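Reviewing the structure listed below.
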Amino acid sequence: MRQLNQRIVELMNERKWDKLTDIQRKALTPILCGNNTLIIAPTGYGKTEAALLPVLSQMLDTRSSPVSLIYVTPLKALINDITLRIEWWSSRLGFTVSRKHGEVPQKEKNMRLKRAPHILVTTPEGLEIDLDWASKFREFYRNVKWVIVDEIHELINSKRGVQLAVLLERLKAYSGYDFQRIGLSATITNEDVVASFLSGSSSRKTTVVKVRDSKSFELKIRKIKGEEVWSNSARELISSIEPPTLVFTNSRFLTERLHEELEKLNVDGIFVHHSSISRESKSNVEEFLRKGKVRAVICTKTLELGIDVGDIKKIIMYRPPPSVASFLQRLGRSGHYVQGVPRGEILCVYDFDVIEAIAIYQLAKKGIVEKPKITSPLDVATREILGMVLQTDDVSKDYVYDVLTKSYPFRNMSREKFDELVDYLVKNNLLMEDGERLRIGKFFFKLWNFNKNKNFTWSRNFSEFFSLINSNDAFTLKHNDNVVGEIDAIYVYKHIRIGDVIRVGGKLWKITRVNSSKMTIDVVPANANEGEIPVWRGDGIPKSYLLPKQLEKVLRGLDNLDQGIVERSSVEEVKKLVSLYAKENLPLPSRSTVIVERKDKEVIYTTLINEKVSNTMAHLLLYLSSSKDSLNSYARASIYGFSISSDRDFLEDLLKVEERKLKRLIVKAILRSPMFFSVLKEIQVSFGKIGKVDLKEDKTLVAEALRQTVSKYFSIKGTLKFIGKIKSKEIKVIKTDKRTPLADAVLSHAPIKPWLLSVYSLIYESLKGGAYTISELSEQISIPEKSLENKLKQMRKPSSKYRITSFIDVDSGETRWCVMDELPKIVESNDYYTSFTVLNDNETFIAVLRQVNGDGNSEIIFKPKDLLKDDIRVRIPYEEIAELRITDPVDPLVSNLSPRFYYVNKKVLPYLLLNAVAYIQNLKYS
C-alpha cells in the first residue's frame, strides 16, 4: 500500500480497507513498474481495483490528459456498473470518467464531446467507432497511456476479441505511444498465450499475476425424480431456491419453459433473463436483483459475467453446464466477495447428466480448465482493413499489413494471403486500389448505408459495420413501439401466424401484426393460460473436450466419490446403469471401445468421444447415407457417440477408405452441412459478397467459411485419428443385439438432417414419389403457401435444374404438383386413376400450344384414343410449350372449362392432355 499515492491510501481508509487483497497486492508492483500485466483470479477477488488503483496512482503522479485510460469491457451491461465503480475513486481524485455505448443519453454524449474524460469505459465496438469514424474525438486517443481489458477470458475465444487485438495495434500506431496493457481474467489455462494476445507488439515486459489457491465451494448434485420432467423440475426448483437465487440453463428455450412451469404453480417473484428479451427488460431484472426484490432469476449465460446484481445467496444449474469454465463462472456469482463461499446445486434430468455433473465438478476441483482457442478469422481482418481505410481516407497497403500482423491473431498472416484478401475486396468494390494505396470502394456505402435502403434487402445499417456480434436474422417484437424481445426469422416463417400466443420474457403475448419488410411483429399482452415457446438458433452450446476422458474416470470410480456432493439415490441409479454392462457382458463405455447396436432402423455407435469428432462422424455417415439411400436420412451426435438412420453399418464402409480419400469425403460432408451455410451467410457481407456465392469465383470466401466451420463445429484431424485407431485396433469395435444405457443418451439428441443447397432442392426432394397440393406441401416443408407457389412456378420452367409439372386432381378439382419425370408412374398408379381416365375416348378436341419464346399458337386436333397410342408427340414441332389448353369449335364450353398448363415438356404433353380431357368430361357428363 505504501507504493500507492497517498491520496489513494486515504480513500482506502475512507472505505475502511485496512489492506489489499492477495491479487491486488501481487498486481501492484508490476503495474507501477509499467509492465503489461495479466491479472488472473476467480470472481469476487477485487480484480478491477487491482488494475485501477495503481493506474490512478500513476495518473496522479504524472500529468494526465484526456483520454488517459481506456477501460474495455465485453458487455454493454457491465459498462454502467464499472463506470460507477471507477467514478467513486476518480471523482474524489479530480479525474472525469465517461461511458460509451449505444444507449447512453444524448445529453451525456454531447458532454463527452465538449469535455473529453480522463477515463473512458467502452466496448470493442465503441473503440472501433471512434477509430474508424469519430475524427474529432479520436484526437484525444493520442493521449492514451493505459488500456484495461476486463473479462479477457470471455473475449479471447471470440471474433470480438480478435477485433480488439487489432484495435489495440491500431491505437498504438495512431497514438505513437506504447501504452501499458492490463488484462483481467477469471481462472484460465495457457495464461502465457493470453498474455501474448494482450500484449501484441508492445515492447513492454509482460507479467502474469494470479491467485494460486482457488476458492472452495459448496456443491450438491441431484437428479429430478419421477416421469413428469417439467412439473417435477419446477417443484424441485421451488424447494431448492434460497432468495435471491440465479437458476442457470443452457438455452433460452429451457429458460422460458421452466418459467412457464413455475407460473403454473403460482410462484411469484421469478423472472427470466436471456439475450432475446429487450435491454429494458434485462435492466429491470438486474435492478430487482440489486434491490433484493426477486426470489429467483432463470437465466442463460447472460448473467455469467460480472454484472452487479447484488449478493446472490445460491446458484442452481438446471442440467450440467457445458464446460468447466462456465461452471466456475456461474457458481462464482454467489459468494461474490473475497471471504465468500460460492454455493450451488446441479439439478440433473438424466442419469448421464449426473455423470457429466460429477466430471465437471472433479475437473474444477483439480483446477483443470479448458484452454482458450485464439483464431484468425478473415472477416475480422476485412473489417479492420476497411476500418483503417475509413480512418485515413487513403492509406498504403504496407501500413495496413504492418498494423494487422502486429496483432497476435494475425501475426502469421503472409503477405501473399493479405494481398489475396485485398484483391477480393477490390473485386467486390469495397476497396479501390491505386498502385500501393487503398481507398474506400463505390459499393461500401451502398452496402453499409446511413439510411438503410428499403429497396435492397441486402443493405445494412452503417452502425452494423462496427460490430462483429453475430446478429442472426431476427424479428423484433414490439408492444406500443416498445421492444419486448426478438425471435429468429426462420422460426417466424415456419410457425408464427397472426393471433398466435407466444411466451417471451416470462410473459404471454398475442401477435397482432407481422411486418416482413421491417422485420417486426406487433404484440399485445395475451389473456391466455399458455403460449408457444420459440426455439432460437445458437442455443446448442458445445460440450467441453475435457469431458470424455473424465467421464471414463467417473464411471470407473463411483465408489470413491466425495461424500456429500452427489445425492445417494442418484449415485445408486448410476451404479445400476453401470451394472447393466456387466450383466450383458459388455465393457464399460470408454474412449477405446465403440459398441454398435441397433434400434428400429437406426445404427447407434456408443463411445466416449470429443463432441466435434462425434459431429464430424455423424455428418460423414449422413453424407454417405443420403448419397446412397435418400434425403430422408438423419444422424445424431453427442459426447456419448453418434448414430445414422439406416439398415446399413456405414462405419464398415469408412474403414475401407484410404486416408486421403477419407479427408476429401469429410470436407464434402462439411460443405453440405447447415453449419457451413450458416457461417457462409454470416461472413459473406464482410467480404462485400451479396447474393449467390460461386464456389470458383469466390474461392477466398468459400475457403474461409470452410475453415471457420471446421474450427467451430468439426475436427478433421481428430476424426482421421479416431478412424485410424479403429483400423489399427487401438479402438475396439463390439457389435451387440442388446440395448445399452448410453444408446439412450445418444438417442436423446435431436436428429441432424441433410442440408439442401437451396429451397428448390428441398421442394424437389419432398415431391419425389408423390403428388401434392400447395397446402399439403406447405405443411410438410414449412414454407408459406404464397412463397411456395411462386417457387413451384419457377421450377416448371425449362431452365430449372429441378423440373416439375402439375395436373388437376379430378376428384377434388385441386392442382397437384409432382416431379416431371415421375408423371408417367403417377398416371399408371391407382391413386389418381380418375384424373387420367376419360369417359369418351372418341371425342374430338383441339390442343392449342404456344411455343416458348415464340409468336402465335399452333393447333393440333386429337382424340383421347390417340393419346393412349402415344401418336401425338410426333406431330408436335417443338420440345417446350409455354402454354397448353384445349378448345372445341363446336362446344365453346370446353374452352371455358379447360385448365391451362404452363411450361410443358413434349414428353409429358400426352399425359396432361389426357388429364385435361378427363377433367372436362367429368364436369360435362357427371
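Annotations for the structure displayed:
- Screening VAL574, VAL594, VAL657, VAL603 for residues that are buried (at least 18 other Cβ atoms within 10 Å of the Cβ), among the β-branched types (Val, Ile, Thr), more than 14 Å from VAL733 (Cβ to Cβ) and not assigned by TED's automatic domain parsing to the domain that holds ASP351 leaves exactly one candidate, VAL574.
- Checklist (1) surrounded by 13 or more Cβ atoms within 10 Å (Cβ to Cβ); (2) among the polar types (S, T, N, Q); (3) farther than 30 Å from ILE487 by Cα applied to SER579, failing item: (1)
- For ALA743, the conditions (1) crowded, with 16+ Cβ neighbours inside 10 Å; (2) in contact (Cβ under 8 Å) with a residue 40 or more places away in the chain; (3) not assigned by TED's automatic domain parsing to the domain that holds THR607 are fulfilled apart from (3).
Residues are listed down the side, and each one gets a yes or a no for (1) more than 17 Å from GLU154 (Cβ to Cβ); (2) in contact (Cβ under 8 Å) with a residue 12 or more places away in the chain:
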| position | (1), (2) |
| --- | --- |
| PRO42 | no, yes |
| ALA51 | no, yes |
| PRO54 | yes, yes |
| VAL67 | yes, yes |
| TYR71 | no, yes |
| ILE79 | no, yes |
| LYS109 | yes, no |
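- For segment 102-116, a tally of residues being within 23 Å of VAL55 (Cα to Cα) and under 36 Å from the mean Cα position of the chain (by Cα) returns 1.
- Being closer than 28 Å to GLN329 by Cα, in contact with an Asp or Glu (Cβ under 6 Å, 6 or more places away or on another chain) and assigned by TED's automatic domain parsing to the domain that holds PHE197 holds for only one residue in PRO74, PRO54, PRO30, PRO42, and it is PRO74.
- The listed residue being in contact with a Pro (Cβ under 8 Å, 6 or more places away or on another chain) and at pLDDT 90 or above, out of VAL297, VAL349, VAL354: VAL297
- Only residues that are surrounded by 15 or more Cβ atoms within 10 Å (Cβ to Cβ), over 16 Å from the mean Cα position of the chain (by Cα) and of a type in the set (A, V, I, L, M) were counted in segment 683-705, giving 5.
- Members of segment 281-332 that are among the polar types (S, T, N, Q) and surrounded by fewer than 19 Cβ atoms within 10 Å (Cβ to Cβ): SER283, ASN284
- Apart from one condition, LYS729 fits all of (1) modelled with pLDDT of 95 or more; (2) under 27 Å from PRO542 (Cα atoms); the exception is (2).
- Only one entry in SER185, SER175, SER98 is of a type in the set (Gly, Ala, Ser) and under 16 Å from ILE79 (Cα atoms), namely SER98.
- LEU331 being farther than 30 Å from SER185 by Cβ, at pLDDT 90 or above, outside the structural domain of THR189 (by TED's automatic domain parsing) and touching a strand residue (DSSP E or B) at 6+ places or on another chain (Cβ under 9 Å): no
- Condition broken by SER90, with the remaining ones in (1) more than 24 Å from GLN58 (Cα to Cα); (2) in a helix (DSSP H, G or I); (3) among the hydroxyl-bearing types (Ser, Thr, Tyr) satisfied: (1)
- Residues that are surrounded by 21 or more Cβ atoms within 10 Å (Cβ to Cβ) and not β-branched (Val, Ile, Thr) within segment 711-740 comprise TYR713, PHE714, SER715, PHE722, listed in sequence order.
- Residue in segment 13-22 that is closer than 25 Å to GLU191 by Cβ and outside any helix (DSSP H, G or I) present: yes
- Members of segment 590-611 that are under 31 Å from the mean Cα position of the chain (by Cα) and modelled with pLDDT of 95 or more: SER590, ARG591, VAL594, VAL603, ILE604, TYR605, THR606, THR607, LEU608, ILE609, ASN610, GLU611
- Tabulated pairs, segment 227-249, first under 19 Å from PRO321 (Cβ atoms), second polar (S, T, N, Q), C-beta under 7 angstrom, 6+ apart or interchain: THR249/THR255; THR249/THR300
- Residue in segment 869-876 that is over 27 Å from TYR772 (Cα atoms), among the hydrophobic types (A, V, I, L, M, F, W, C), touching a strand residue (DSSP E or B) at 6+ places or on another chain (Cβ under 8 Å) and assigned to a strand (DSSP E or B) present: no
- Screening SER579, SER569, SER614 for residues that are free of Cβ contacts under 8 Å to residues at least 60 places away in the same chain, over 30 Å from PHE676 (Cβ atoms), outside any loop (DSSP other than H, G, I, E, B) and not aromatic (Phe, Trp, Tyr) leaves exactly one candidate, SER579.
- Just one of the listed residues (SER233, SER216, SER278) is at pLDDT below 90 and surrounded by 17 or more Cβ atoms within 10 Å (Cβ to Cβ), and it is SER278.
- Counting only strands (runs of 3 or more DSSP E) that sit wholly inside segment 363-479, those with at least 3 residues that are outside the structural domain of VAL679 (by TED's automatic domain parsing) and at pLDDT below 95 are 474-479.
- So LYS100, is it touching a strand residue (DSSP E or B) at 6+ places or on another chain (Cβ under 8 Å), within 19 Å of SER463 (Cα to Cα) and either of a type in the set (D, E, K, R) or in contact (Cβ under 8 Å) with a residue 60 or more places away in the chain (or both): yes
- Criterion (charged (D, E, K, R) and touching a residue at least 40 places away in the same chain (Cβ under 8 Å)) met by exactly one of ARG591, ARG660, ARG556: ARG591
- Residue tally, condition free of Cβ contacts under 8 Å to residues at least 24 places away in the same chain and either touching a strand residue (DSSP E or B) at 6+ places or on another chain (Cβ under 8 Å) or surrounded by fewer than 13 Cβ atoms within 10 Å (Cβ to Cβ) (or both), over segment 768-784: 3
- Residues (surrounded by 20 or more Cβ atoms within 10 Å (Cβ to Cβ), without any contact (Cβ under 8 Å) to a residue 40 or more places away in the chain and either not assigned by TED's automatic domain parsing to the domain that holds ASP811 or not in a loop (DSSP other than H, G, I, E, B) (or both)) located in segment 883-908: LEU884
- Residues satisfying the stated conditions in segment 582-602, i.e. of a type in the set (Asp, Glu) and not in a loop (DSSP other than H, G, I, E, B): GLU597, GLU602
- Note on segment 112-186: enclosed strands (runs of 3 or more DSSP E) holding 3 or more residues that are farther than 22 Å from SER463 by Cβ, at pLDDT 95 or above and of a type in the set (A, V, I, L, M) are 146-149.
- Residues located in segment 247-278, provided they are out of contact with any Leu (no Cβ under 6 Å at 6 or more places or on another chain) and hydrophobic (A, V, I, L, M, F, W, C): VAL247, PHE248, PHE253, LEU254, LEU258, LEU262, LEU265, VAL267, PHE271, VAL272, ILE277
The values are calculated or read from the model by the stated rules, or taken from the named source; none is laboratory data. This one's a predicted model, so the numbers in the text were calculated from it and none came from an experiment. Using ideal geometry, Cβ is built from the backbone for each residue, glycine included, and neighbour counts are taken over all protein chains shown.
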